[in-house]
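The values are calculated or read from the model by the stated rules, or taken from the named source; none is laboratory data. All values derive from a computational prediction rather than experimental measurement. A quick note on method: Cβ atoms are made from the backbone with ideal geometry, for glycine too, and the neighbour counts reach across all protein chains shown. We work out accessible area using only protein heavy atoms, side chains counted, and drop any ligands, DNA or RNA first. Shrake-Rupley method; radii C 1.70, N 1.55, O 1.52, S 1.80 Å.
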Amino acid sequence: MVEESTASGSELRTSISLKDAFHAQIEEGLERSGMFIYLIDREYRFQYISSTAARSIGKSPEEIVGRTPSQVGIPFEVIGDIQGLVDAVLTGGKAIRGTFHANVKGGEQFEFDATPIFAGGPEPIAVLALVFDRTTQLQERKALEAIARINDLVRSSLDTEELVSKTVSAVSGALDDDCFAMVIDNGGKWLTRTSTQRTGEADKGLSSKAIRIISRLIDSGRTVNIPDASKDPRFIQDASVNIRTGSILAIPAMVSERVKTSLIFARRNTRPFNYFEIGLGEKIASSVAVAIKDQLMLQELKASNSERENLMATLARESEKLTSILDATPVAIGLFESDGEDYRLTLCNSIFRNRALSSAPRPLEGRRADEMARAEEVVACRKLIEAAFKTGQTQVSQEYIHSSGEAEYPAQVMITPISVDPPSFLLVAVNISELVNARKQLEEYAAKIEAERARLRAMIDSLPVGVVLVDANGKVLEANDKRTEVWGAKVVKDRIEEHVHSVRAKWSNNGMPVPKDGWPITRALKNGEFIKGEMIDVIRPDRRHGTLLLSAAPIHDSKGGRIGAVGIQQDVTEQRQLEHDALEAKERAEMYLDLLTHDIQGYNAAISGYIQLAMVKDKQGKRKDELQKALDSITASTELIDTMRKIQQVEMHNDAHGQMELTSMLEEVISDVQVIGGDRAHIKSIIMSESYTMASPMIREAFWNILINSVKHSEGEVHITIRQNRCYDGGREYHKFIIEDDGPGIPDDVKPKVFLRKYRGRTKAQGSGLGLYLTKRLVEVHGGRIWVEDRVTGDHSKGARFIVHLPAVATPAECLSSVKDMI
């Protein structure tokens, strides 16, 4: 029994030992995988928690199991998230997966998988939550992105300072750092660049002197990890060092024996950089060292072609690092070397692999070109290879259509000889689809622009005036043939100032010389002026005198910027001469008319006197009718001459205008017409109030002619009615005069002609046919309108109605009232 008991105890101890070992292995696996396990019941109590999860809270599993999140000190905002997740899983009865961020330590990212636990019943009794820490993957991705950006920089042609500045921008923030600095010691010549991740807090980072101290600390070639720089005696002892940061990670990177570089990552808080972050930082430092090293090597290659062989040897040693750089390159790159019989691929990037024939055997390294591409492509490449080694220079193929078996696209190949012994070359294949499309678009745009230019040229050439277009610098862009004709010489000068200054010119209105900056197109170009119709007298390059009418305007782009100017030139020499001749002829005609009317009026007065004397001496009245007819003719002649003078005054605008009261003026006209009409003229005036307008005294003739025509063209008694009121026409106030009679009227076909000059109609009354013409001109000159219609609509035989509109102005009383209101 004792032995059995002893054996049982031994087996029990072995079982416990195996269980502990198994549990330890599980915990170790969870630690490596970054996974946390939680089992939470409906009362939100932890029924199980893994050691890794407990340590993340800062407690042991025994301190947590059986307690709620609030009892173990989990922050309030996190408790809400936990309870919400538990409720969602228990209510839905389904697993929930997702991600969340935790900023307790800074930059952590987690994934969770919450599954309901059933115990035989329909309702779940607890939630099993598996939480995976993806922080390291996130940090690794950021670091790899930084390395990729560094690799991109290697492809660009930058000098060392530009490369360092852009490398700092590319690496900054890769390790959740707040500040990143890079220091290069190039044989004693220091180069420092710093970048901060906190906008507006550049002064919170590392000072240049602090960076120098850190660089000296890592001269030993070892990585330096400082948890809290503000408490480090190596910085505190130097009072001039401005340290406003927490954790610092400084990593050395040996570029060459002469060139050393240091990468310094700094955090504002005191969270130290862990081993994983240090490893990522060292990878970044290695890529930076490779980038700088390759850049320096490329610079040396440019400086001396004799070092090409040494550079290729160095590149060969760095082939593994170069592969990562090539994979980030957006073109297909392959390195081929000769094996004595044919060229075989020794190194390529991922794009090269993807663009090779899909039927090509993998891996591609060690394969011949004819195994990876179509036969016609291989033939074209061999010709390029021969030319490249013959000339020692890069050869570029013509465009061709590349096919990988699954896709086709336009491409271009470049072959660069690398070494002669053994022969090797670098093949770069570029997908130029975007370039081809852009070129097609450019050709289309160019064709459209050329078509527009041709259309513009055709339009300019078809214009009857000279046109010149200049750019913002005054350079002549376009000038049509008409301008050559107007100017008297072809535009051969590059700049418009040189051309306009080659002629002598003066202003037509004052005879003053035109200054250099006074030409319309110069003012439009320099000052943005719009010039319309300025006359300039010029002596053309072909020695011809003439007068030009010049206009100009600035040309602006869509943003309002002045980009040029356009000038219009018209030769008005003949027109101006015609105007001059016409003015002289008009002045002579007016002089002859004045002399003629004056002399005829004198003769008419003398003849009238003789006739009247003869009528006095003819006491028996034997020649009364003949003498009366002669006197009437002389009177009509005198009236005609008087009418012509009035028409001349109206056309010449010789009468001064002033405020006139029309009511009293009309009463005087009525009285004068009543005297002439005698008993057969019955004139009735219905005028409501005073009527003021701006007019000359000659406006009286307009009303006189209307009334006297009504009397003269009526054979018996005639009744004339005059009414006046106000109306609005086109937003302006007018005095409206309606003058109607019951005479013979005016037929419809005659109405449009009654205001024409020398139209007498079908009347038997004597007249010159100028009265109503003068009336219409007087009304229009004073800004009014006049027309005629039937007194009885539709029956012209019932008499005529003349309607006159004259602009109304305020009466003196209205003006005084307005002044009082203002006061």
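Pairing residues of region 49-60 that are open to solvent by less than 30 Å² (accessible area, probe 1.4 Å) with residues that are part of a helix (DSSP H, G or I) and among the acidic types (Asp, Glu), at Cβ distances under 9 Å and at least 6 apart in sequence or on separate chains, gives 50/27; 51/27; 51/31; 52/27; 52/31; 54/62; 54/63. Among residues of region 794-823 that are at negative phi and open to solvent by 10 Å² or more (accessible area, probe 1.4 Å), those with a beta-carbon under 8 Å from a residue that is at pLDDT below 80 and polar (S, T, N, Q) at least six positions away or on a different chain give the pairs 810/818. I'd like the full set of residues that are over 18 Å from residue 779 (Cα atoms) and either surrounded by 20 or more Cβ atoms within 10 Å (Cβ to Cβ) or touching a Pro at 6+ places or on another chain (Cβ under 6 Å) (or both), limited to region 713-731. Matches in region 713-731: 713, 714, 718, 720.
Tell me which residues, restricted to region 394-419, are of a type outside the set (A, V, I, L, M), open to solvent by 50 Å² or more (accessible area, probe 1.4 Å) and touching a residue at least 12 places away in the same chain (Cβ under 8 Å). Please lay out each step first, then the result.
Initially, region 394-419 is screened for residues of a type outside the set (A, V, I, L, M), giving 394-395, 397-400, 402-406, 408-410, 412, 416-417, 419.
If we keep only those that are open to solvent by 50 Å² or more (accessible area, probe 1.4 Å) too, we end up with 394, 398-400, 405-406, 408, 412.
Of everything in region 394-419, those that are of a type outside the set (A, V, I, L, M), open to solvent by 50 Å² or more (accessible area, probe 1.4 Å) and touching a residue at least 12 places away in the same chain (Cβ under 8 Å) turn out to be 394, 398, 399, 400, 405, 406, 412.
In the set 13, 45, only one residue is over 23 Å from residue 109 (Cβ atoms), surrounded by 16 or more Cβ atoms within 10 Å (Cβ to Cβ) and either among the charged types (D, E, K, R) or modelled with pLDDT under 85 (or both); that residue is 45.
Residues of region 530-555 being open to solvent by 70 Å² or more (accessible area, probe 1.4 Å) and assigned to a loop (DSSP other than H, G, I, E, B), which ones? Hits for region 530-555 are 530, 543, 544. For residue 301, the requirement of being out of contact with any Pro (no Cβ under 8 Å at 6 or more places or on another chain) and modelled with pLDDT of 70 or more is not met. Looking across region 90-126, just one residue is open to solvent by less than 30 Å² (accessible area, probe 1.4 Å), under 14 Å from residue 36 (Cα atoms) and at pLDDT 85 or above, and that is 114.
Under the condition of being part of a loop (DSSP other than H, G, I, E, B) and either within 25 Å of residue 137 (Cβ to Cβ) or of a type in the set (Gly, Ala, Ser) (or both), the residues counted in region 242-288 number 11.
Considering only residues that are in a loop (DSSP other than H, G, I, E, B) and open to solvent by less than 40 Å² (accessible area, probe 1.4 Å), look in region 353-391 and name the one that is farthest from residue 433 (Cα to Cα).
Taking region 353-391 as the starting set, the residues that turn out to be in a loop (DSSP other than H, G, I, E, B) are 356-367, 372-374.
From what is left, the residues that are open to solvent by less than 40 Å² (accessible area, probe 1.4 Å) are 356-357, 360, 364, 366, 372-373.
On the way: 356: 17, 357: 19, 360: 24, 364: 25, 366: 29, 372: 21, 373: 19 Å.
Selected residue: 366.
Tell me yes or no: at least one residue of region 557-574 is within 23 Å of residue 480 (Cα to Cα), without any contact (Cβ under 8 Å) to a residue 24 or more places away in the chain and small (Gly, Ala, Ser). Within region 557-574, none of the residues are within 23 Å of residue 480 (Cα to Cα), without any contact (Cβ under 8 Å) to a residue 24 or more places away in the chain and small (Gly, Ala, Ser).
One line per residue, one yes/no per condition, for (1) modelled with pLDDT of 75 or more; (2) more than 29 Å from residue 290 (Cα to Cα):
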{"site": "221", "(1), (2)": "no, no"}
{"site": "226", "(1), (2)": "yes, no"}
{"site": "240", "(1), (2)": "no, yes"}
{"site": "250", "(1), (2)": "yes, no"}
{"site": "256", "(1), (2)": "yes, no"}
{"site": "266", "(1), (2)": "yes, no"}
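How about region 400-480: which strands (runs of 3 or more DSSP E) wholly inside it have at least 1 residues that are within 21 Å of residue 382 (Cβ to Cβ)? First the steps, then the outcome.
Details: elements: 400-403, 408-420, 423-431, 466-471, 476-479.
Here the list reads 400-403, 408-420, 423-431.
Pairs only if they're at least six apart or on different chains, beta carbon under 7 angstrom, first in region 499-519 and more than 25 Å from residue 580 (Cβ to Cβ) and open to solvent by 90 Å² or more (accessible area, probe 1.4 Å), second at pLDDT below 85 and not charged (D, E, K, R); list them, first residue then second. Matching pairs, first to second residue: 516/501. Taking residue 613, is it at pLDDT below 85 and surrounded by 13 or more Cβ atoms within 10 Å (Cβ to Cβ)? Criteria not met by residue 613.
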